[in-house]
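Chemist: Take a look at the following structure, please.
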Ligand SMILES: [Zn+2]
Ligand SMILES: [Zn+2]
């Protein structure tokens with residue numbers, strides 16, 4: 001079959017690879033319909049290896065040095081492992097990407113997304129930029145009849161936003177700031193609105209992304225390069241600051257800003273993937289009782305997102321900025337995202353061009 005295989009930085013090849021084996025007893029085989037290119041895939045292309053194991057084989061999957069990328073996907077079940085129940089060949093499904101061991105402290109305490117041996121699909125085990133992919137059945141979600149297939153590829157990033165939103169507790173009636181309006185920022189804006197936030201303020205500098213933020217439901221957008229964002233946020237919150245903020249960039253300066261914009265005892269959720277340490281004065285937390293927490297991937301939020309897309313509460317249309325075939329994934333996918341970052345949100349890839 002054809003697949004997009006990561007061989008190294010700036011070296012992703014669309015090539016012939018063997019078909020996946022028949023699925024193990026608790027796994028299924030999926031024929032992929034659509035798979036989205038994620039920021040983490042782009043990271044592996046531009047600056048990798050980041051998550052892909054190269055020095056030693058992954059303890060659960062044996063992946064080392066090469067990996068079929070792709071974890072934001074939907075498709076149809078084509079083969080069932082011997083023990084799989086509750087699913088049938090032909091079901092349209094999507095799959096949580098957090099392949100986990102099931103036995104470590106975190107897995108046995110309901111925290112499988114931070115499993116000691118986490119094997120993220122498409123980074124630590126072969127993924128869905130391919131015609132077929134095998135995945136564990138315990139990660140599957142059936143999509144309801146009539147569910148748009150393209151939306152199936154957007155469930156995963158929305159689940160990242162939803163998990164971050166749930167970390168912050170009830171947002172009902174609250175003022176929320178989302179720092180960064182890339183894919184995860186936009187998904188977080190949508191999920192915060194769906195969770196009942198009264199006001200969602202986006203901080204963003206790119207004009208295309210500012211417009212997208214408003215399109216997906218942000219109440220207002222402030223550009224920190226054009227105004228004093230902190231002063232503007234205080235001006236619309238009776239001088240207090242926001243109740244909750246989400247940092248969706250992964251930069252030490254915007255993380256500080258995300259903490260600065262919340263009121264005392266407010267909450268800041270860090271969702272971005274950081275590349276370097278910062279010098280932060282922790283007295284800023286002691287003196288204000290602000291709460292700062294991290295949020296990684298998702299823990300069951302696929303179900304919430306599927307329900308909200310199915311009932312029309314979440315509209316994924318503004319998020320999809322490109323639809324391409326697998327053969328074009330480097331030139332019209334990865335390179336397009338590198339060279340035309342401002343105007344893209346999610347490019348989705350089909351292994352079987354129409
Ligand atoms: Zn992703
Ligand atoms: Zn585990």
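The values are calculated or read from the model by the stated rules, or taken from the named source; none is laboratory data. Just so you know, these numbers come straight off a predicted model, no measurement behind them. Cβ coordinates were reconstructed from backbone atoms using ideal geometry, including for glycine residues, and neighbour counts include every protein chain displayed.
Chemist: Just for the range 32-45: of the residues that are closer than 18 Å to residue 323 by Cβ and in contact with a strand residue (DSSP E or B) (Cβ under 7 Å, 6 or more places away or on another chain), which one is nearest to ligand 2 (Cβ to nearest atom)? Can you show your working first?
Modeler: Of the range 32-45, the ones closer than 18 Å to residue 323 by Cβ are 32-38, 41-42.
Going one step further and asking which of them are in contact with a strand residue (DSSP E or B) (Cβ under 7 Å, 6 or more places away or on another chain), we end up with 32-38.
Values: 32: 26, 33: 29, 34: 29, 35: 25, 36: 26, 37: 27, 38: 22 Å.
Only one residue fits best here, namely 38.
Chemist: Follow-up question, since we're still on this one. Restricting the search to the range 147-172, which residues are assigned to a helix (DSSP H, G or I), within 13 Å of ligand 1 (Cβ to nearest atom) and out of contact with any helix residue (DSSP H, G or I) (no Cβ under 7 Å at 6 or more places or on another chain)?
Modeler: Selection gives 156, 163.
Chemist: Out of the range 14-51, which residues are touching a helix residue (DSSP H, G or I) at 6+ places or on another chain (Cβ under 9 Å), surrounded by fewer than 21 Cβ atoms within 10 Å (Cβ to Cβ) and closer than 28 Å to residue 250 by Cα?
Modeler: The answer is 39, 42, 46, 50, 51.
Chemist: Is it the case that residue 138 is surrounded by 22 or more Cβ atoms within 10 Å (Cβ to Cβ) and within 16 Å of ligand 2 (Cβ to nearest atom)? Outline the logic, then answer.
Modeler: Numbers: surrounded by 22 or more Cβ atoms within 10 Å (Cβ to Cβ): no; within 16 Å of ligand 2 (Cβ to nearest atom): yes.
Here the answer is no, as residue 138 does not meet what is asked.
Chemist: While we're here: If you go through the range 47-58 one residue at a time, do you hit one that is under 19 Å from the mean Cα position of the chain (by Cα) and within 13 Å of ligand 1 (Cβ to nearest atom)?
Modeler: There is at least one residue in the range 47-58 that is under 19 Å from the mean Cα position of the chain (by Cα) and within 13 Å of ligand 1 (Cβ to nearest atom).
Chemist: Follow-up question, since we're still on this one. Take the range 273-303 and flag every residue that is surrounded by 15 or more Cβ atoms within 10 Å (Cβ to Cβ) and over 21 Å from residue 113 (Cβ atoms).
Modeler: Those that are surrounded by 15 or more Cβ atoms within 10 Å (Cβ to Cβ) and over 21 Å from residue 113 (Cβ atoms): 288, 290.
Chemist: Related question: Have a look at 128, 95 and point out the one that is within 16 Å of ligand 1 (Cβ to nearest atom), in contact with a helix residue (DSSP H, G or I) (Cβ under 7 Å, 6 or more places away or on another chain) and either on the phi < 0 side of the Ramachandran plot or modelled with pLDDT under 95 (or both).
Modeler: Details: 128 fails: in contact with a helix residue (DSSP H, G or I) (Cβ under 7 Å, 6 or more places away or on another chain).
Just a single option satisfies the conditions, and that option is 95.
Chemist: Give the residue that is farthest from residue 324 (Cα to Cα), with candidates limited to residues of the range 52-74 that are outside any strand (DSSP E or B) and either touching a helix residue (DSSP H, G or I) at 6+ places or on another chain (Cβ under 8 Å) or within 16 Å of ligand 2 (Cβ to nearest atom) (or both).
Modeler: First pass over the range 52-74, keeping only residues outside any strand (DSSP E or B): 52-66, 69-71.
Narrowing the set further to residues that are either touching a helix residue (DSSP H, G or I) at 6+ places or on another chain (Cβ under 8 Å) or within 16 Å of ligand 2 (Cβ to nearest atom) (or both) leaves 52, 58-61, 69-71.
Working: 52: 24, 58: 31, 59: 34, 60: 32, 61: 29, 69: 16, 70: 14, 71: 16 Å.
Restricting to residues being outside any strand (DSSP E or B) and either touching a helix residue (DSSP H, G or I) at 6+ places or on another chain (Cβ under 8 Å) or within 16 Å of ligand 2 (Cβ to nearest atom) (or both), the top hit is 59.
Chemist: Answer yes if at least one residue in the range 184-205 is within 16 Å of ligand 1 (Cβ to nearest atom), assigned to a loop (DSSP other than H, G, I, E, B), at pLDDT 95 or above and touching a strand residue (DSSP E or B) at 6+ places or on another chain (Cβ under 8 Å), and no otherwise.
Modeler: Within the range 184-205 (the criterion being within 16 Å of ligand 1 (Cβ to nearest atom), assigned to a loop (DSSP other than H, G, I, E, B), at pLDDT 95 or above and touching a strand residue (DSSP E or B) at 6+ places or on another chain (Cβ under 8 Å)), the answer is no, since none of the residues qualifies.
Chemist: I've got another one for you. Anything in the range 227-242 that is in contact (Cβ under 8 Å) with a residue 12 or more places away in the chain and in a loop (DSSP other than H, G, I, E, B)? List them, or say none.
Modeler: Within the range 227-242, 236, 237, 240, 241 qualify.
Chemist: Step by step: first the residues of the range 243-266, then only those that are out of contact with any helix residue (DSSP H, G or I) (no Cβ under 6 Å at 6 or more places or on another chain) and assigned to a strand (DSSP E or B), then the one that is surrounded by the most Cβ atoms within 10 Å (Cβ to Cβ). Which residue is that?
Modeler: Among residues in the range 243-266 that are out of contact with any helix residue (DSSP H, G or I) (no Cβ under 6 Å at 6 or more places or on another chain) and assigned to a strand (DSSP E or B), the one surrounded by the most Cβ atoms within 10 Å (Cβ to Cβ) is 244.
Chemist: Turning to a different aspect of this structure: Could you look through the range 98-119, keep only residues that are in contact (Cβ under 8 Å) with a residue 40 or more places away in the chain and touching a helix residue (DSSP H, G or I) at 6+ places or on another chain (Cβ under 8 Å), and pick out the one that is surrounded by the fewest Cβ atoms within 10 Å (Cβ to Cβ)? Let's see the steps before the verdict.
Modeler: First pass over the range 98-119, keeping only residues in contact (Cβ under 8 Å) with a residue 40 or more places away in the chain: 98-99, 101, 110-114, 117, 119.
If we keep only those that are touching a helix residue (DSSP H, G or I) at 6+ places or on another chain (Cβ under 8 Å) as well, we get 98-99, 101, 113.
Values: 98: 21, 99: 25, 101: 16, 113: 21.
My answer is 101.
Chemist: Which members of the range 267-299 meet the condition of being outside any strand (DSSP E or B), touching a residue at least 40 places away in the same chain (Cβ under 8 Å), touching a strand residue (DSSP E or B) at 6+ places or on another chain (Cβ under 6 Å) and over 15 Å from residue 257 (Cβ atoms)?
Modeler: 295, 297
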